[in-house]
Structure formats: structure tokens, C-alpha cells
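First comes the structure, then the notes that go with it.
The values are calculated or read from the model by the stated rules, or taken from the named source; none is laboratory data. In this text the structure is predicted, and so the values were computed from the model without any measurement. As a convention, Cβ positions derive from the backbone with ideal geometry for all residues, glycine included, and neighbour counts pool all protein chains shown.
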Amino acid sequence: MTKLVEALLKQLKDNSYRQYRTKETESPILYPVDLFGFNMGCGKPLKGADGGNVSPNYKRIITMGFDATRKELTESISAAEDEAKKEYGMRMLEKLDECIRVCDEYRETVRSNRRLCNALQNVPHKGASTFYEACVFIKLCIYFLRIDKAAHLGFGRFDQYMYSFYENDKKNGVTDEEIFETLEAFFISINYDSDLYTGVQQGDNGQSMVLGGFDKEGNSMYNELSEMCMRASLELNLIDPKINLRVGKNTPDEIYVKATQLTKQGLGFPQYCNDDVVVPGLVKLGYEREDALNYVVAACWEYIIPNSGADFPNIRTFNFPLVVNNTLHQKLNLCESFDELLAEVDSAIKCESDRLIQSVYGYAEKNQPLLSLFIDGCIQKLADMWRGGAKYTNFGCHGAGISNAADALAAVKRCVFDEQTVTKAELLQALESNFEGFSELRNTLRSCPKMGNNDAEADDIAMHLMSVFSKSMNNRSNGSGGVWRAGTGSAMEYIFTAAKCPATADGRKASEPYSSSFSPSLDVKTNGLLSVIQSFTKYDMTDIINGGPLTLEIHDSVLRNDIGIEKTAQLVKLYVELGGHQLQLNSINRERLLDAQKNPEKYPNLIVRVWGWSGYFNELDIEFQNHVIRRCEYLG
Amino acid sequence: MQGCVFSIEEFSVYDGPGIRSSIFLKGCPLRCSWCHNPEGQRSTAEIVRSPNGCIGCGNCINSAEKKNGETVFTLESIKNCPKGLLRVCGEWMESGALCEKILKNRKLLKNGGVTFSGGEPLMQSSFLFECLAGLKGQLHTAIQTCGFCGEDVFEKALLSADFFLFDLKLADGAQHKRYTGVSNEVILTNFSKLAQSGKDFVVRIPLIPTVTDTAENTEGIVKILKENGVSYAELLPYNKMAGGKYKMLGREYRPDFDEGMTVNIPKEIFDKNGIAFKVL
């Protein structure tokens, strides 16, 4: 770490960087800090957001520059005949001009910062010519987009689109060390101002970054820059950017080892995405192969197409446990066999899918003229990204609580039908009374087969549920020029919708959380990690590819030395070979988390993975803290 | 034949080469003062209570029995825990069923294998040998042992498994007796047999502050290693969490040493004698 990076890191940690938000102070740092020109000194957190969760084409904008983009836009407007289009084009132009004006003003205020000021002589008017200018340009874009209320924008395939700038710098004699310093300073800078832009929880800001992957011939695209990003993340130990690593059957062992070293930091990333599953899965949903090969993740883990896509991958959540529970209450008494019950569940899944689809049929986000400039096709078509401008406008539906639902049905199958140790009336009464006075029955339910134990009894039911769900959703029209995609994610719904779900037949009490995304139910003691990865890779995941990772907690003592790191890396490799689509591996220490709840002041820098993102433990609401703790109840 | 298994760890990282599963057999002839697996000591099944997530309702205690001043949980205690935190530790399993369970993950264990640990796995030697025979040719097998067993049993073990993890704790016989309850005489005899057998093995030395991590003991252990032509050892520093499981069993952890002391890694002595080591 260079002296400069060390100083910047210190400023970030003690929040002293915030002094540069006022115009009076000379800014000695490499990248702009918010409010220093941009937010016009209002000094207040920005509440609310319009659409987002897309991966903007930073590459095009930072290569062309605002002037050339403006020229393209004005030409498109002059050539247009349709008045509405012209008008929309003018709105885009207004936004762009506002950005240019603010930047010109801003440049005047940083005169004393020679390096930044020099960069601002070129960007954003002209395209970036160096790696540093490209970073500054992106940083400017991020602020403009955020102020314009575009939320949850990731960095996409940063290692790919920044590579030409890296190469060019190298040609001009810039050393790797210098580029690395610029990169580290950039990573630090994207952690600025987290107090101003909050998501559902602080840290939920969508700043994901995707590294690696394979091209259409199957060649690895993990390059020197991917390596630098991994190294910077390891060295800096910061929440952002949240690293996602695209892997596949040809990923070499040493990349898994490097990634596991990053896991050891306890930040909850990298998250792994398996190209061998994701790409064919996206093709099945109608994406062109070329686009599918270029996939990235949205804010958390939803697979989206960068640059040209305006998918809405988390527009609805399918609440599996609730659907199963309602079916039990309405139909169990009428069913003579488990198969009859399962058929009723199938119908309920189809009905609920229909309902979800109809509830947002033809929905589109508010117009976002500034963000649309960053989405391919919008300038040419003078159309908003959500309304015909983008190439893809598909909708994604999360599937929350799959394991809880499968466990519930497995328990009903065994206790009510196979072994008949519990009567239908008893079960329904126990559920209605939230197991009050039924603790023995509840323990019986809890001792039934569970998803995650590589046990066909529970896993087959889970596979069946996923199959019915994906068939009820996938490729159906969304009325907005796209189709639906079924997924395995939960986002915050493992807490929020679960809070509204009564007691379930897996033994879960009313309002208790579900598992986070695609994981064994909370409080289930599984046979171990080998069984878990087998359970969660049985289903053909290309069928249910909206995203949503298997989330595993590993006790941090496992990663204490190179033996543990190497073997954990091998475990990830096995998961990928088995056909898993996405994996989030967390290194965690329960005792430390409990201590942090009691003595937060001792742990100002403790970071944990929450759902699709990582946050400071101290900044999370108590129910999210507790979920993280419970996830590791059964660890070593 | 049935054996008593107290834990199966599917993804066990520090018990031999590659990705391995570890099978923990119940029962141990030693009573090491620092034992961190106390549930492996007794040969019979017992009820344990996990402290994690306990809400302190007292249901389990109310259904427990008092024996010699110890609280002994009953099957009623298990049933009455609203959080399901009590369980029977020690499952009697047929060797065939255990092998089947292990082999279910065979594909994932192809570059590693299975390690039988404990307790002391050789305390259930007939059961262990049945299991090893059942796995022969299908998985790489290892035994993690303290070496305290009859020479005949150990010779048979040498023919039955592919790899050994052999613990050497204290070089001095009297000290060994004081801290583990048994003399190390047969252990050292068995260790020589292992060294001469041509089998793959690794020596493991627990580093217990002021007990095994002293210069004197290290010199003694190093001498044993050199006499047997061993040039590599793995060191396992004492972890203060060791006492955690005693509470689960309703027992008190009373180590016969000051566990607050920092563990000494006797690097110089190993280096001086040309013995490579790794701290786990």
C-alpha cells in the first residue's frame, strides 16, 4: 500500500474526507467527494429513488465524452419526426447539459488539486485517455446518476471495459504500481458518502463489480486488471465494490485460492457465478447468446445484461412458505394422499404466479432520461430505457423460502401420510396456535427430512416446487415488451414477507425469518457442507436463473491458514462442477458477532454479508443482525 | 457390527490430505487435561445440550435427574426443549450403514477421503476394521490416533488404513501419565511400528501452554522424531475455546495448567534439529 493510499484510507475510516464536501477546503484527494459541487451543498441524505438495478454503459460514455454524446443526441433529435420523441430527446439533452454545467463549475473549485484539475480539462467533455481519467469520469457519472435518483447501479464488468485504458497507460510507460495506486484510490472513493445514499439498510447501495468470465470460445477473460481488483479488495478490506467472480469448469485452481483469501477477510464476497449454468439459462429466456455471455449481476445477485438491458429483476417475490401454508389450511383435510396434496400445491403455485404477473402487467418505471443516456439504443430511438429504449425489459420474480416450503411438505408427507404419527386436525391446530402447547409435535416436525441433507425425501419436493414455479413464470409476457424469469433469491423478503407468514409445517413459528435466498432453513442442522452443496445443485438451475445464491457460512477458524484456504477453494470448485449457479460464502465467527451486539464500540469495522450485499454490523437493524447470527448457529 | 459414533464432519479441513470427511468414534482411554472433545471420552451415549440459542426456560433441568451431584438430562429433557437444543450424543450405527453414508459423498471425496477420529477410534477396533474393510478400494482412509492400544490391534490397523495421523503429546513417561492418565510406553512402541511400516503418516503435537510447549518436552519429542527418522510434524496450538463443550455435557472444565498463558511455538528447537513443521 502506498503512502497516498494509506492516507486516503485513514481519511475514509475517520470520515475526515467529508471536510472536502465544502468548497472552502482545498481537496488533496484523487476523486471528487459529494456535495463538493454536486449536491449543491444541501448536505442532506438523498431520500427515495426512481428505478435502477441496471448496469449502465459507462464504457461508451467515458470513451466518447459528454460532447460527442451530446452531438449524437442533438443529431438524433434533429432527425426525428415524432414530436414526442423529440420532446423526450430534449429532456435527455437538458439533463446532459446540466451535468456538463455542474462539471465546469466544479473544475473551477478544484484548481489547487493539480491532478484532478488536469483530468477535468479533458473529462467529461472529451473521452478519457488514461486509466485515471476514466476512473474520474465514472466517479462523476455515479454522482450525477445518484442525484438524478437512479439507485443500485453496479460497475458491471469493470475489468473488461477498463482494460483498454489500462493497456494504453502501460504503452505510455505508466507502471503497474502506479495504475494499482489509482485503482485503490478509486475503490476507496466509492466508499465515500455512504451516509448520503442509503438503501433498505446502510450498505445496500448496489455497488457490485463483476470480474472474470469466459468468452464465446470458452477462453478465460480473467486478466491483469481482474487480478488487480482482487488484490485491491483484499488489501483495502472495504465494503465496496462488492466483488462477483464469474467462474466455470475451466477456472484454474489458483483463482479459487485467491478468491478464498478474499473470503477470509470476512466481507462476504466474492460471490461466485457459474458461467456454465448462467449463460445457457439466460439463452433459454430469450437473451441473445452474445448478450448472455456478457452477463453481470445487479445490486445483489440478479443476472442482468449490461449496457443494453433494462430488466426489472426483483419486481416481485414469490412467497413459497405462505403458498404451501395456505394450501394446507384450505386443502389438507380433503386430500387422501400426499400426491393429492402436492397437486393442490401445484395449482396454488400457478394461481399465485398468475396473480403476481397480472399485478404488474405492463408496468414501467418512471422515465429516467439521464440514466437512459447510459443504456444503448435510447439515444438513437429517443426512447426511455423502460419504454422501448432498451433491448431487454424482462421482469424477475424472486422465489423466497424454497427450503422452508420443501421442509414443510416433507414433514407433512412423513408425519401425516407415510407414518401417520400426526393427524391432519392436530397439525392444523398446531399451526393455528403457533405451536403453543404443541412443542412435542413441533419437535417431531423438526426432526423430519430437510433440504440440505442430500436426502431425496426433502430435495425431491424442493425440485418439484422449483419446476412448477419456473414453468408457471418463465418466458410469460410481462406486458412491457419482455418476459418473466423465475429465481431463487429472497432479498430482504426473508425477513419482511416472513414476518407476515404464520407458523409453517416445518416447525417454523409465525413471523420467524426464512432462509436467506437459496439456503437450508434457519435452525436446520445439516449433515455438513458436502450434503448441502449436493442438495442445492440437484435441480437444473438453468431453469430458474433470475439469481439468488446458495449462502454458506464457514467458521473463520477453517480459513486460518493456507491448508484451510486451499480446501475451501476446492469446495467452491466442487460446487461449480456440480452445476451450482451462484454461491455466497461467508467467513464468520458467532462469538464475535454476539460480542459486537453487546459492545458495538469495540467493532466499528466489523463487516458482514447481509443478503446480496455486505454492511457494517453496527449499522444493521437488530433483526438483520440476529439473522446473520442464527445462520451460523451450527458452525464449529 | 455396531459402533458408537458421536459426530460426522463432512467437510473436515485439518484431518488429512484433500477434502475429507471425519468420523468421530466415541470412547477414549486417555483423559487429557486439555481435551477439547470431551463428548468423545466416554464409550456410551450421553445427552448434551447446546448453549447456542438457549432461552433459559429451565424445561430441560426440570426433567433431568441428579446423579452424584451431576445433572443428567433425560429423554424427557430432549422432548421438552422448545428450541430443540438437546440431543443424544453418540449414535449406535451398523458399519454397513456408516460406510453407505460416507460413500454417498464419494464423488466429492475423490481427491481426499475419510478420516476416523475420536475419542480414540482404535478403542472400537473391531468396528473400525469392519468399516475400513467396507471402504477399501473406494476411498482413501486415515486413522487419527493417540497410539494407545495393544500392539496386535495397532499392527492390524497398519494393514487396514492408508494414512495415519499420530499424536505425540509428552515425551516423558511420568508427565504423560500425569496429564493424560496413561503412560506413553505402548504409544512409543506403536509409533516405532508406524515409522518402520512404510505407511504414509503425519505426527501431530498439541501445544499446551507450560505442559507440552516447553523446551524440555519439545527436545524430548524431537529426539523421538529423529530416532524414528521423522522430519516433519504438525503443531496444534491450544485454543481457549477448548473448555466450551464441557458445559454442554453438564461437566466442569478443570484444566491442570494455566490456560491463560500464551502458547509457545518452539520454532528454534525444530529448526535446529532440521525438522520442518506447520502450525495448524
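Data overview
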{"quantity": "Within the range B:238-262, considering residues that are under 14 Å from residue B:206 (Cα atoms) and within 14 Å of chain A (Cβ to nearest Cβ), the one surrounded by the fewest Cβ atoms within 10 Å (Cβ to Cβ)", "calculated": "B:240"}
{"quantity": "Scope the range A:483-523; condition within 20 Å of residue A:303 (Cα to Cα), of a type outside the set (Lys, Arg), under 20 Å from the mean Cα position of the chain (by Cα) and not in a helix (DSSP H, G or I); matching residues", "calculated": "A:484, A:486, A:487, A:488, A:489, A:490, A:491, A:492, A:516, A:517, A:518, A:519"}
{"quantity": "Helices (runs of 4 or more DSSP H) wholly inside the range A:534-636 containing at least 1 residues that are within 23 Å of residue B:240 (Cα to Cα) and more than 10 Å from every other protein chain (Cβ to nearest Cβ)", "calculated": "A:590-598"}
{"quantity": "Strands (runs of 3 or more DSSP E) within the range B:46-147 that include 3 or more residues of a type in the set (A, V, I, L, M, F, W, C)", "calculated": "B:86-89"}
{"quantity": "Index of the failed condition, residue A:453 passing every other in (1) assigned to a helix (DSSP H, G or I); (2) under 30 Å from residue A:580 (Cα atoms)", "calculated": "(1)"}
{"quantity": "Residue list for the range B:16-45, restricted to those being over 20 Å from residue B:245 (Cα atoms) and either outside any strand (DSSP E or B) or of a type outside the set (Ser, Thr, Tyr) (or both)", "calculated": "B:16, B:17, B:18, B:19, B:20"}
{"quantity": "Enumeration of residues in the range A:75-92 that are surrounded by fewer than 18 Cβ atoms within 10 Å (Cβ to Cβ) and within 21 Å of residue A:140 (Cβ to Cβ)", "calculated": "A:91"}
{"quantity": "Search result, residues across the range A:572-587 that are within 18 Å of residue A:296 (Cβ to Cβ) and modelled with pLDDT under 95", "calculated": "A:584"}
{"quantity": "Residue list for the range A:323-338, filter: surrounded by 16 or more Cβ atoms within 10 Å (Cβ to Cβ) and of a type in the set (Ser, Thr, Tyr)", "calculated": "A:327"}
{"quantity": "So residue B:29, is it more than 12 Å from chain A (Cβ to nearest Cβ), under 27 Å from the mean Cα position of the chain (by Cα) and modelled with pLDDT of 85 or more", "calculated": "yes"}
{"quantity": "Subset of the range A:522-533 (residues that are facing chain B (nearest Cβ under 9 Å) and out of contact with any helix residue (DSSP H, G or I) (no Cβ under 6 Å at 6 or more places or on another chain))", "calculated": "A:523, A:525, A:527, A:528, A:529, A:531, A:532"}
{"quantity": "Of all residues in the range A:412-447 being assigned to a loop (DSSP other than H, G, I, E, B) and over 23 Å from residue B:83 (Cβ atoms), the one that is nearest to the other protein chains (Cβ to nearest Cβ)", "calculated": "A:419"}
{"quantity": "Some residue of the range A:332-343 being aromatic (Phe, Trp, Tyr), in the same structural domain as residue A:502 (by TED's automatic domain parsing), over 26 Å from the mean Cα position of the chain (by Cα) and assigned to a helix (DSSP H, G or I)", "calculated": "yes"}
{"quantity": "Single residue of B:50, B:77, B:63, B:95 found to be touching a residue at least 40 places away in the same chain (Cβ under 8 Å), buried (at least 17 other Cβ atoms within 10 Å of the Cβ), polar (S, T, N, Q) and within 14 Å of chain A (Cβ to nearest Cβ)", "calculated": "B:50"}
{"quantity": "Test: residue in the range A:97-118 that is outside any helix (DSSP H, G or I) and either of a type in the set (Ser, Thr, Tyr) or within 33 Å of the chain's Cα centre (by Cα) (or both)", "calculated": "yes"}
{"quantity": "Test: residue B:30 is of a type outside the set (Phe, Trp, Tyr), in the same structural domain as residue B:125 (by TED's automatic domain parsing), touching a Leu at 6+ places or on another chain (Cβ under 9 Å) and surrounded by 17 or more Cβ atoms within 10 Å (Cβ to Cβ)", "calculated": "no"}
{"quantity": "Helices (runs of 4 or more DSSP H) within the range B:164-280 that include 1 or more residues within 27 Å of residue B:149 (Cα to Cα), over 16 Å from the mean Cα position of the chain (by Cα) and aliphatic (A, V, I, L, M)", "calculated": "B:173-180, B:185-197, B:215-227"}
{"quantity": "Condition check for residue B:232: hydroxyl-bearing (Ser, Thr, Tyr) and either surrounded by 15 or more Cβ atoms within 10 Å (Cβ to Cβ) or modelled with pLDDT under 95 (or both)", "calculated": "no"}
{"quantity": "The range A:262-279: number of residues that are over 16 Å from the mean Cα position of the chain (by Cα) and more than 15 Å from residue A:573 (Cβ to Cβ)", "calculated": "5"}
